[in-house]
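Visitor: Shown below is the structure under consideration.
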Amino acid sequence: MPFRLTIQLGNGDGNFQAPAFFGKYIGTLVFADLNGDGYLDIAALIPTANAPSQVAVFLNPGATAPGVFATPTLYAAPNGATGLLAGDFNGDGKQDLITTIYILGAPGTRRPQARPLSWLHPVQEM
């Protein structure tokens, strides 16, 4: 069953604005300032069974329209990606994304591995 990313901004009084729906996404969401503008952006893992997975990055335009996320840029991810993490993994002061995957092998020999997304390029705009 596909799930949509739904964003409902708070009014500050316990109520929320009408929802905004973005595509069909299944999997992990991470929130991090991915473009260094001081506003949280969203990265969503889109795993697939028989094709390379993708990561959708929704940038928050910040002061011009806070909380109104841009159309995502899609990045290719390794087959079998099961997790998504954000952090400064190379120490350059900028947020990075990594995917976690399982390498299939003989029973009892599967091992988790992490693959950085920094070497990936966008595959398409949604």
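The values are calculated or read from the model by the stated rules, or taken from the named source; none is laboratory data. What you see is a predicted model, and the numbers here were worked out from it, not measured in a lab. Here the Cβ is made from the backbone with ideal geometry for all residues, glycine too, and neighbour counts use every protein chain on show. We work out accessible area using only protein heavy atoms, side chains counted, and drop any ligands, DNA or RNA first. Shrake-Rupley method; radii C 1.70, N 1.55, O 1.52, S 1.80 Å.
Visitor: Let me check something: with ligands and nucleic acids excluded, how do Val57, Val68 order by accessible area (1.4 Å probe), largest to smallest?
Guide: Of Val57, Val68, the descending order of accessible area is Val68, Val57.
Visitor: Here's a follow-up. If amide H atoms are built 1.01 Å from N in the plane of the peptide, which residues on other chains or at least 5 residues away come under 5 Å of the amide H of Leu34?
Guide: Long-range HN contacts for Leu34: Asp41.
Visitor: If R₀ is 41 angstrom, what is the calculated FRET efficiency for the pair Asn15 and Asp92, using the beta carbon separation as r and rounding to 0.05?
Guide: Efficiency, rounded to the nearest 0.05: 0.50.
Visitor: State the extension gain, in nm to one decimal, for the chain segment bounded by Val68 and Tyr39, taking 0.36 nm per residue of separation less the distance between their alpha-carbons.
Guide: Going from the current span to full extension adds 9.3 nm.
Visitor: Then there's this: In whole angstrom, and with the biggest value first, how far do the Cα coordinates of the stretch 1-98 range along each principal axis?
Guide: 43, 39, 20
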